[in-house]
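Peer 1: Have a look at this one before I ask anything.
The values are calculated or read from the model by the stated rules, or taken from the named source; none is laboratory data. All values derive from a computational prediction rather than experimental measurement. Please note: Cβ atoms are built from the backbone with ideal geometry, for glycine as well, and neighbour counts cover all protein chains shown.
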Amino acid sequence: MERKSCIIGCTVAIAVSMSQLFADGDAAWRYRWPGVIPEVAERTLEPTKRVMLDENVRVEVLCAEDSRGAAEWVAGKMAAWFGRKPSAVAMKGGDLPEGEEAYVLGAKDGRLFVRARTMQGVRWAAMTLRQLAQPVRGTLTTQAYEVPEFTVVDRPETAFRALHLCAFPEVTPARLEHGIRMAAYYKFNHVILESWGVYRSEKHPWYGWKNGWLTLSECHRLAATAKDLGVTIIPFFNIFGHARAARGKAGKHAALDLSPKYQPLFEPRAGFNWCLANPEAVRVIREMVTELHEAFGSPKYFHLGCDEADPPTCAACCAADYGKLLASLVESLSSHVRKLGARPMIWHDKLILDKDPRWKGFEANGSPSTVTLLDKLPKDIIICDWCYYPPPKDGRYPTLDYFRSKGFETMTCPWDNIDGIHSQCAYARNAGMGVICTTWNRFTDYSVWSTFSHGASCAWSAKAAADVKTLAKEYSSALRDVYDTHWRQVGWDTPGVDRYSETGFFTDQIGTSIGTR
């Protein structure tokens, strides 16, 4: 009984102490805007006044799509992030910002308010709130979070914003989920997910490594996790080149290294291409596409790859009209994807001729037999134009213009060149195109922080793009420090990020994964 009284007394004392701290501390309290990724369009700030994000704060949520559901979602996320579940109220009337993903977020006089037309806008408001919240000072452990009095009005200028992630065998399930959650935190609305031999097909279990961890149940779980955060996972399967599902320099093949009996499905030289003349290869591809699409919840898009394929080397493909084989494959698989309820996406480089002077300085890997495909493609196919270099001197992207002139929806796809990210995204914003930021083998590399930070900012808006440059110039590691904080916060939400190797950018600090960077 004495111990219980002591616990109650200590708890009351802490509560009184915290209450006194909150009441008396404002005079010596001044908030500094932390740097939001992507930075917001408009904001007002009262840096010496604060609002506690605890169970006493009133959270008013107005969402034209579903105010009650939005209020419950916000309350749940605040409980998970800040340790206190607030009183969230579904509002019934008021002004709403223009735009499907736009939102208004603010804090004043002990209350928090969110206004948006859709749940997506509500989700983005919550991501901004988390980036603004800070733990209350003066205690040994986190007791509560606080924000200043502020108002934010924000909206994206690019409708389709995707992050392309690769699930290599060296990428753990926790790392992949961490990346998906980080994409949502930075307001990408799509993740294009490409398996490099780790998908465990139930229809064709021989296609992939025996220790592959991307099972059907894991796909379902990741899709549900992403959907809750506002992200649609778009599955990816290479139907032409990259058929070995392994990097070229590794000398591996996800199917043939362990299952040589399936050699007829692949070109004999390294097995880099599927054998397009083999109807069994086409059947396997179709079945894999169907299974992957269903595994990720039947999204509205599916990426079919089609980049960097080699010329044919098998007797059957060499004897055939290879251009017709390729056209038949892409047309057939595109039609199949449509029947599944999705739009097909493909890379661009095999559709334009190598050595053509019009494409100098850009990726053009097509041959006379592959470039004829472009005029045969249905116009609902999305062309994903990848360019990983510094901006061209004249600021123009002729390949993007070319595909758009042919009537195709086209998206620009930068990688890790920061100036290129800014230039391509600006081009996309001005032309109304989508953006796909790629990470490839750098997902567990030092450069990933710049791809995430600059990519998300530049895909969001011109102001966010300018602001991320300013933040990067503040001091040498300012932007990386902001990203470090965000990556760590999202890690707290990710099951499995409880080991040294799962934290930070690398699995270690002095091993080979860091290299010379």
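Peer 1: Using the structure shown, decide if Lys350 is assigned by TED's automatic domain parsing to the domain that holds Ile436, under 29 Å from the mean Cα position of the chain (by Cα) and either under 17 Å from Phe266 (Cα atoms) or crowded, with 18+ Cβ neighbours inside 10 Å (or both). Working first, answer last.
Peer 2: Numbers: assigned by TED's automatic domain parsing to the domain that holds Ile436: yes; under 29 Å from the mean Cα position of the chain (by Cα): yes; either under 17 Å from Phe266 (Cα atoms) or crowded, with 18+ Cβ neighbours inside 10 Å (or both): yes.
In short, yes.
Peer 1: Identify all residues within region 278-293 that are surrounded by fewer than 20 Cβ atoms within 10 Å (Cβ to Cβ) and either modelled with pLDDT under 95 or in contact with a Cys (Cβ under 9 Å, 6 or more places away or on another chain) (or both); write none if there are none.
Peer 2: Within region 278-293, Asn278 is the sole residue that qualifies.
Peer 1: Can you go through Ala159, Ala167, Ala226, Ala183 and tell me which one is surrounded by fewer than 22 Cβ atoms within 10 Å (Cβ to Cβ) and among the hydrophobic types (A, V, I, L, M, F, W, C)?
Peer 2: On the way: Ala167 fails: surrounded by fewer than 22 Cβ atoms within 10 Å (Cβ to Cβ); Ala226 fails: surrounded by fewer than 22 Cβ atoms within 10 Å (Cβ to Cβ); Ala183 fails: surrounded by fewer than 22 Cβ atoms within 10 Å (Cβ to Cβ).
Selected residue: Ala159, the only one of Ala159, Ala167, Ala226, Ala183 that is surrounded by fewer than 22 Cβ atoms within 10 Å (Cβ to Cβ) and among the hydrophobic types (A, V, I, L, M, F, W, C).
Peer 1: Residues being assigned to a helix (DSSP H, G or I), of a type in the set (A, V, I, L, M, F, W, C) and under 23 Å from Ala183 (Cβ atoms): count how many of those fall in region 63-120. It would help to see each step written out before you state the result.
Peer 2: In the first step, residues of region 63-120 are kept if they are assigned to a helix (DSSP H, G or I); the result is 67-82, 119-120.
Subsequent filtering for residues that are of a type in the set (A, V, I, L, M, F, W, C) retains 70-71, 73-75, 78-82, 119.
Filter once more, keeping what is under 23 Å from Ala183 (Cβ atoms): 70, 73-74, 78-82, 119.
Total satisfying the criteria: 9.
Peer 1: List pairs: first residue in region 247-259 and assigned by TED's automatic domain parsing to the domain that holds Ser195 and more than 10 Å from Trp209 (Cα to Cα), second residue surrounded by 14 or more Cβ atoms within 10 Å (Cβ to Cβ) and among the aliphatic types (A, V, I, L, M) anywhere in the structure, Cβ distance under 7 angstrom, at least six positions apart or on different chains.
Peer 2: Filtered contacts from region 247-259: Lys252/Ala246.
Peer 1: Any residue at all in region 262-272 that's basic (Lys, Arg) and within 23 Å of Cys413 (Cα to Cα)?
Peer 2: Of the residues in region 262-272, the ones basic (Lys, Arg) are 269.
If we keep only those that are within 23 Å of Cys413 (Cα to Cα) as well, we get none.
The answer is no; no qualifying residue exists.
Peer 1: Could you tell me which numbered condition Ser457 fails, if it satisfies all but one of (1) over 23 Å from Trp487 (Cα atoms); (2) under 15 Å from the mean Cα position of the chain (by Cα)?
Peer 2: (1)
Peer 1: Can you find even one residue in region 327-340 that is touching a strand residue (DSSP E or B) at 6+ places or on another chain (Cβ under 8 Å) and surrounded by fewer than 20 Cβ atoms within 10 Å (Cβ to Cβ)?
Peer 2: Taking every residue of region 327-340 in turn, at least one turns out to be touching a strand residue (DSSP E or B) at 6+ places or on another chain (Cβ under 8 Å) and surrounded by fewer than 20 Cβ atoms within 10 Å (Cβ to Cβ).
Peer 1: In the set Arg221, Arg244, Arg175, Arg181, which member is farther than 22 Å from His486 by Cβ and assigned to a helix (DSSP H, G or I)?
Peer 2: On the way: Arg244 fails: assigned to a helix (DSSP H, G or I); Arg175 fails: farther than 22 Å from His486 by Cβ; Arg181 fails: farther than 22 Å from His486 by Cβ.
Of Arg221, Arg244, Arg175, Arg181, the one residue that is farther than 22 Å from His486 by Cβ and assigned to a helix (DSSP H, G or I) is Arg221.
Peer 1: For Thr11, all conditions in the list (1) at pLDDT 95 or above; (2) more than 17 Å from Pro135 (Cβ to Cβ); (3) loosely packed, with under 15 Cβ neighbours inside 10 Å hold save one; what is the number of the exception?
Peer 2: (1)
Peer 1: Does Leu400 satisfy being in contact (Cβ under 8 Å) with a residue 12 or more places away in the chain, assigned to a helix (DSSP H, G or I), within 30 Å of Leu377 (Cβ to Cβ) and in the same structural domain as Gly248 (by TED's automatic domain parsing)? Talk me through it step by step, then tell me what you get.
Peer 2: Details: in contact (Cβ under 8 Å) with a residue 12 or more places away in the chain: yes; assigned to a helix (DSSP H, G or I): yes; within 30 Å of Leu377 (Cβ to Cβ): yes; in the same structural domain as Gly248 (by TED's automatic domain parsing): yes.
So Leu400 fits the description; yes.
Peer 1: Among the residues of region 71-113, write down those that are within 23 Å of the chain's Cα centre (by Cα) and within 14 Å of Glu146 (Cβ to Cβ).
Peer 2: Met78, Trp81
Peer 1: Give Leu326, Leu265 a once-over and let me know the one that is modelled with pLDDT of 95 or more and closer than 21 Å to Trp386 by Cβ.
Peer 2: Working: Leu265 fails: closer than 21 Å to Trp386 by Cβ.
It is Leu326.
Peer 1: Just to be sure before I move on: is Leu400 buried (at least 19 other Cβ atoms within 10 Å of the Cβ), over 20 Å from Gly455 (Cα atoms) and either modelled with pLDDT of 95 or more or not small (Gly, Ala, Ser) (or both) in the structure I sent? Walk me through it before giving the result.
Peer 2: Numbers: buried (at least 19 other Cβ atoms within 10 Å of the Cβ): yes; over 20 Å from Gly455 (Cα atoms): no; either modelled with pLDDT of 95 or more or not small (Gly, Ala, Ser) (or both): yes.
Criteria not met by Leu400.
Peer 1: Moving on. Quick one: is Ile180 more than 30 Å from Leu329 (Cα to Cα) and touching a strand residue (DSSP E or B) at 6+ places or on another chain (Cβ under 9 Å)? Walk me through how you get there before you give the answer.
Peer 2: Details: more than 30 Å from Leu329 (Cα to Cα): yes; touching a strand residue (DSSP E or B) at 6+ places or on another chain (Cβ under 9 Å): yes.
Against the criterion (more than 30 Å from Leu329 (Cα to Cα) and touching a strand residue (DSSP E or B) at 6+ places or on another chain (Cβ under 9 Å)), Ile180 qualifies.
Peer 1: A follow-up question, please. Looking at Ala70, Ala64 in this structure, which one is surrounded by fewer than 17 Cβ atoms within 10 Å (Cβ to Cβ) and either modelled with pLDDT of 95 or more or under 27 Å from Val468 (Cα atoms) (or both)? Explain how you work it out, then say what you get.
Peer 2: On the way: Ala70 fails: surrounded by fewer than 17 Cβ atoms within 10 Å (Cβ to Cβ).
None of the others qualify; the one that does is Ala64.
Peer 1: Go over the candidates Gly455, Gly434, Gly491 one by one and state the one that is over 21 Å from Ile234 (Cα atoms) and of a type outside the set (Val, Ile, Thr).
Peer 2: Values: Gly455 fails: over 21 Å from Ile234 (Cα atoms); Gly434 fails: over 21 Å from Ile234 (Cα atoms).
That would be Gly491, the only listed residue that is over 21 Å from Ile234 (Cα atoms) and of a type outside the set (Val, Ile, Thr).
Peer 1: Here's a check for you: in region 37-57, which residue that is in a strand (DSSP E or B) and of a type in the set (A, V, I, L, M, F, W, C) is nearest to Phe150 (Cα to Cα)? Outline the logic, then answer.
Peer 2: Within region 37-57, the subset in a strand (DSSP E or B) is 42-52.
From what's left, of a type in the set (A, V, I, L, M, F, W, C): 45, 51-52.
Details: Leu45: 4, Val51: 9, Met52: 13 Å.
Only one residue fits best here, namely Leu45.
Peer 1: OK, next. Would you please name the residue that is nearest to Ser67 (Cα to Cα), looking only at residues in region 121-142 that are among the basic types (Lys, Arg) and either in a helix (DSSP H, G or I) or out of contact with any helix residue (DSSP H, G or I) (no Cβ under 9 Å at 6 or more places or on another chain) (or both)? Don't jump to the end; show me each part of the working.
Peer 2: So the first thing to find is which residues in region 121-142 are among the basic types (Lys, Arg), and the list is 123, 130, 137.
Then drop every residue that is not either in a helix (DSSP H, G or I) or out of contact with any helix residue (DSSP H, G or I) (no Cβ under 9 Å at 6 or more places or on another chain) (or both), which leaves 123, 130.
Numbers: Arg123: 12, Arg130: 20 Å.
The qualifying residue nearest to Ser67 (Cα to Cα) is Arg123.
Peer 1: Could you figure out which of (1) in the same structural domain as Gly491 (by TED's automatic domain parsing); (2) outside any helix (DSSP H, G or I); (3) buried (at least 20 other Cβ atoms within 10 Å of the Cβ) isn't true of Asn211?
Peer 2: Exception for Asn211: condition (3).
Peer 1: Among the numbered criteria (1) over 15 Å from Gly434 (Cα atoms); (2) within 26 Å of the chain's Cα centre (by Cα), which single criterion is violated by Thr412?
Peer 2: (1)
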